[in-house]
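Read-outs: derived from the displayed coordinates by stated rules, not from any lab. Computed from a predicted model, the values in this text were never measured in an experiment. Every residue, glycine as well, gets a Cβ built from its backbone with ideal geometry; the counts of neighbours run over all protein chains shown.
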C-alpha cells in the first residue's frame, strides 16, 4: 500500500470514528436558515452530507484526471510505436539503398578490373610480340652472318691468297 493510500484510509477512518462517537450530537435537530426559509434538520448530518458530496466530487475528479492521463499515455504510446515503425522502415529502406549502391559499386569495380586486365593483357601481348621481334633480329642477323661467313671466308682467301 502506498503512503498516499495509507494516509487516505487513516483520514477517513478518523472521520468515521469521530462521526460514530458524536452521532447523537450530530443527529440533534436544529433550525437551519436557507436564506429564504427555515428548516428543522440535524446540522451535523447536513454537514456530513456536504463532506461526503465534496469527497465524491474530488474522487470523481481524481479518477477523471488519472483516466485522461492514462488515455494520453496510451495515445502517446501508439504514436511512439507508429514513429518507431516508420523509423524501422526508413532504416530498412536505407539498408536496401546501401545494398544497391554497394552492389553497383562492386559491379563497376569488377568492370574496371576486367577492363584493366584486358588492357594489361593486350599490352603484355604487344610487348611480348615486340620482344620476340627484337630477340629474333639478332638471331636472324647472326644466322645471316653465319650464312655469309663461308662466302666471306672464300673471298678473303681468294683476296689474301
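Order the peptides 39-48, 100-109 from the highest to the lowest mean number of other Cβ atoms within 10 Å of their residues. List each step's numbers first, then the result.
Values: 39-48: 13.8, 100-109: 10.0.
Answer by packing, highest mean first, reads 39-48, 100-109.
Give me the distance in nm between label points sitting 7 Å out from Cα along the Cα-to-Cβ direction at residue 127 and residue 3, one decimal.
Output for this residue pair reads 8.7 nm.
What relative contact order, as a whole-number percentage, does the chain give when Cα pairs under 8 Å and 6 or more residues apart are counted? Walk me through the numbers on the way to the answer.
On the way: 32 pairs, mean separation 12.4, N = 161.
Rounded, it is 8 percent for the chain.
Just check segment 76-123 against the gyration tensor rule for me: Cα atoms, a ≥ b ≥ c as the square roots of the eigenvalues, rounded for a/c under 1.5, and otherwise prolate or oblate depending on whether a/b exceeds b/c.
prolate
What is the helix-to-structure angle for 3-21, meaning the angle in degrees between its Cα long axis and the longest Cα principal axis of the chain, kept from 0 to 90 and rounded to the nearest 10?
10 degrees
Quick check: residue separation of residue 67 and residue 53 times 0.36 nm, minus the Cα distance between them. What number comes out in nm?
3.0 nm
Which one, (1) 25.2; (2) 10.4; (3) 15.6, gives mean projected area of the Cα convex hull in nm² as derived from the coordinates shown?
(1)
Relative to the longest principal axis of the C-alpha atoms of the chain, give the angle of the C-alpha long axis of helix 43-160, reported between 0 and 90° and rounded to the nearest 10°.
That works out to roughly 0 degrees.
Any idea how far apart residue 141 and residue 23 come out in nm if each label point goes 7 Å out from Cα toward Cβ?
About 14.0 nm separates the two model spin labels.
Once Rh for segment 18-106 is found with the Kirkwood sum over Cα pairs, what is the Stokes-Einstein diffusion coefficient at 4 °C and 1.567 mPa s, in µm²/s?
Numbers: Rh = 19.4 Å.
In µm²/s, the coefficient rounds to 67.
Before rounding to the nearest 500, sum -39500 (n - 2.57) across all DSSP H runs of length at least 4 in the chain and divide by the residue total; then give [θ] at 222 nm in deg cm²/dmol.
For the chain, the value works out to -32500 deg cm²/dmol.
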